[in-house]
Every structure is written in C-alpha cells, then in structure tokens.
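Take a look at the structure below.
The values are calculated or read from the model by the stated rules, or taken from the named source; none is laboratory data. Being a predicted model, the structure only gives us computed values, none of them experimental. Glycine also receives a Cβ, built like all others from the backbone with ideal geometry; neighbour counts cover every protein chain displayed. SASA here: full protein model, heavy atoms, side chains in, ligands and nucleic acids out. Shrake-Rupley method; radii C 1.70, N 1.55, O 1.52, S 1.80 Å.
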Amino acid sequence: MKFAFIIDSIEKLDPTHDSSVAMMEAAQMLGYEVYITTIEQLSVVKGKAYAHLYPVTLKPVTLVDNHWVAEENWYLLGESAFLPLESCYSVFMRKDPPVNTPYLYATYILDLIDRQKTKVINSPQGIRSANEKMYALQFSSVIPETIVTQSKKVIADFLEEKEAIILKPLNGKAGEGILFLQQGDRNFNSLIEISTKQGQEPIMVQEYLPSAKEGDKRIILLNGKPIGAVNRIPTGKEFRGNMAVGGRVAQTNITERELTICATLAPKLKQDGLFFVGIDVIGGYLTEVNVTSPTGIREIDRLNNVNLGKEVILATEIENGE
Ligand SMILES: Nc1ncnc2c1ncn2[C@@H]1O[C@H](COP(=O)(O)OP(=O)(O)O)[C@@H](O)[C@H]1O
Ligand SMILES: [Mg+2]
C-alpha cells in the first residue's frame with residue numbers, strides 16, 4: 001500500500017530533525033511503499049487529484065551518543081509515476097509555510113481526493129480554516145492577551161497597558177519576523193511600520209510572557225490527544241525559543257494545565273480534521289497552533305525514548321477503520 005508525503009524538496013530536509021522524515025521512516029518500517037511529491041507536482045485530471053509520485057527508500061537515522069545521525073545518502077529515489085492520489089492509502093500534506101497562494105491551490109486539489117478511499121492529513125479544509133497564529137484566538141480562555149491589527153494607535157494603546165509585547169506576522173514560522181517591544185522603545189514606529197508593511201497587513205500582538213525564558217513547549221497532538229512534548233529554551237541573548245534560531249531542547253512532561261489546554265482544543269481540532277498538530281505553550285498559555293508541518297518528533301523520540309512517527313502512522317490505520 002502506498003503512503004504519499006507532500007513535502008518541500010527532499011534534499012532540503014534534515015533527517016535528524018524533520019518530523020516528515022521520521023514519519024516516512026515509520027511508514028516504511030510498517031511495510032508501506034513510501035512516495036514523495038511536492039505541491040508543484042500536483043494536477044487535476046478528469047476531476048481527480050494526480051501527482052508525480054517518486055518512490056523513496058530511506059536509510060533510517062540512528063542514535064549515537066544521544067544524537068540522531070544520518071548516513072550521507074540517506075534517501076534513494078526511484079522513477080516517478082503520474083498517479084491518482086486516490087491510489088494511495090494515505091496522503092500527508094507536509095509542506096512548510098508560508099501558506100501562500102500556491103499552497104492554497106494545492107489544498108483545493110487535495111479536496112478532490114475521495115476520503116472514503118484515502119485519508120488526507122491534515123484535512124485540506126482544516127488547513128485553510130486554521131491560520132497558525134489566528135486559530136488560537138478561538139480559545140480565548142487559554143491564550144495570553146492578544147490583539148490582531150494593523151493600526152499603530154491600537155498597538156500603542158496595547159503597549160501602554162503591558163510592559164512588553166510580542167509582534168508576530170500572521171504567516172511566519174520558526175521565529176521568522178517575531179519581534180519583542182518594550183515601552184519607550186525608540187524603534188516603536190519603525191518596527192510597527194516594517195511589521196505591518198506600512199499599515200497594509202494586520203499582525204498579531206501578544207502580551208509578553210516572561211516565562212518564555214523558561215521555554216516554549218511544543219506538544220504534539222494526534223487526533224486531539226497529546227502524545228508527547230519537548231521544551232525549547234532560548235539561548236544566549238535571543239528571546240525566541242524556536243529550534244531554528246538556536247533554542248535548546250530539553251525533556252519535559254505535560255502539566256495538568258496543558259492537558260486542559262489540549263482538551264479545550266480537541267473537539268475543534270477533530271471537527272476541522274486537524275489530525276496531526278503541534279501546539280506551542282508558554283507558561284501555561286497557548287500561543288500557536290501549528291497545522292501545516294509541525295516538528296518535534298525527532299527531539300521527543302530522542303529525549304523520551306519513544307517512536308511517535310510509528311504512533312502517528314498506526315493511528316491513521318485506526319482512522320481508516322482497519
Ligand atoms: N506571548 C509571548 N511571550 C513571550 N515570548 C513569546 C510569545 N509568543 C511567542 N514568543 C516567543 O517567540 C517564539 C516564536 O513564537 P510563535 O508564536 O511560536 O511563532 P513561530 O514559532 O511560528 O515563529 C517562541 O518560541 C517564543 O520564544
Ligand atoms: Mg512556534
């Protein structure tokens with residue numbers, strides 16, 4: 001049975017870090033034929049979603065001195081075939097943000113897959129309905145005080161009330177464009193202008209949570225249930241905890257408060273077909289809901305001696321009613 005992954009170009013993936021590779025390895029290990037493709041290689045023919053699918057064989061990473069190590073040629077691609085995606089047992093949409101126009105077009109193509117035949121993760125409608133920053137606004141009881149605006153005045157008033165704030169572009173990832181701003185900052189006007197593209201685009205503005213110094217926790221949810229977590233602690237003078245900007249990963253557990261956050265999200269995530277999700281929690285507050293291509297599996301596997309990729313692939317089998 002075929003398992004297809006829609007990813008960014010494979011040579012850019014880091015097998016020791018990327019969750020997509022962890023899940024591809026797990027699918028291979030469980031006996032699936034693993035195929036990869038990219039959003040540029042999707043088509044619609046006679047009303048059906050097609051893709052140029054490349055069979056891939058992976059050499060799994062190994063743990064050496066508590067670090068994942070990959071072989072130099074860690075993947076081998078075969079000849080591609082142009083096939084309906086419905087010929088696959090499951091399709092994982094794992095393209096990295098930004099969710100731009102080509103990304104959205106890809107989700108419309110994936111809408112054409114018959115869900116009785118093939119499970120699409122995450123649901124294309126779900127991905128469209130869930131901007132990774134704005135989705136959290138639906139859960140006001142568990143988020144820090146947050147506004148979304150392009151108005152300098154509204155942001156200035158918010159900062160007046162708070163000691164410090166965080167500015168976030170609405171389509172960013174991995175810490176990109178995230179800014180810290182304090183009262184009295186002489187760059188206030190300029191930073192708002194840059195961030196809102198001269199008042200043309202709204203941004204998210206959140207009260208600064210000082211507990212961010214202790215870490216930004218990534219919790220992986222599978223069908224609404226938390227299956228693992230890893231803490232990311234800012235290093236040096238950096239205020240952001242993202243791994244991509246040097247955040248140090250540390251083992252952690254899931255607190256009662258965080259279980260409450262997960263339970264608050266679960267019904268909506270299920271309703272939206274958001275099967276594989278990574279939420280970010282700082283000091284007991286939900287700050288982001290990652291639905292496109294959440295990461296963290298490799299780190300959690302290493303620190304907690306588990307195999308989350310395998311759990312995810314096995315869970316798709318239950319979902320598909322086997
Ligand atoms: N409200 C906040 N208070 C303090 N730090 C924050 C806050 N929101 C985000 N951060 C910091 O910024 C980083 C990135 O924020 P996040 O909202 O997760 O966006 P993304 O990971 O998509 O870039 C986090 O890892 C955290 O260190
Ligand atoms: Mg984040």
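Overview of results
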| quantity | calculated |
| --- | --- |
| For residue 275, residues with placed amide H under 5 Å, excluding near neighbours | 123 |
| Residue-normalised accessible area of the chain, given per residue in Å² at a 1.4 Å probe | 46 Å² |
| Euclidean distance between Cα centres, segment 19-89 to segment 191-208, Å | 38 Å |
| 10 Å binning of all Cα-Cα separations within segment 211-290, expressed as whole percents from 0 upward | 20, 51, 24, 4, 0 |
| Heavy-atom accessible surface of the chain: percent carbon and sulfur, 1.4 Å | 50 percent |
| Cα-centre dipole for segment 211-290 with unit charges at Cβ (Lys and Arg positive, Asp and Glu negative), debye to 20 | 100 debye |
| Principal-axis tilt of helix 152-161 within the chain, Cα atoms, nearest 10 degrees | 70 degrees |
| Unsatisfied cross-links (Cα-Cα over 24 Å) in the set 95/268; 119/268; 152/268; 59/173 | 152/268; 59/173 |
| Nearest 10 degrees, 0 to 90: helix 256-271 Cα axis against the chain principal axis | 60 degrees |
| Ellipticity estimate at 222 nm from DSSP helix runs (n ≥ 4, -39,500 (n - 2.57)) divided over the chain, nearest 500 | -7500 deg cm²/dmol |
| Overall Cα dimensions of the chain - principal axes, largest extent first, Å | 59, 49, 36 |
| Inter-probe distance in nm under a simple model that places probes 7 Å from Cα toward Cβ, at residue 266 and residue 116 | 3.0 nm |
| Listed peptides 84-95, 56-67, 198-209 by packing density, highest first (mean Cβ within 10 Å) | 84-95, 198-209, 56-67 |
| Largest-first principal axis extents, alpha carbons of segment 2-122, Å | 51, 31, 25 |
| Unit charges at the beta carbon, dipole of segment 211-290: most positive-side option, 220, 236, 286 | 236 |
| Förster-model FRET efficiency, 45 Å R0, residue 237 and residue 46, C-beta, rounded to 0.05 | 0.20 |
| Helix axis angle, 19-29 relative to the chain longest principal axis, alpha carbon, degrees | 20 degrees |
| Gaussian network model of the chain, springs between alpha carbon atoms under 10 Å - residue of 267, 55, 294 with greatest fluctuation | 267 |
| For segment 261-322 and segment 102-175, distance of Cα centres in Å | 16 Å |
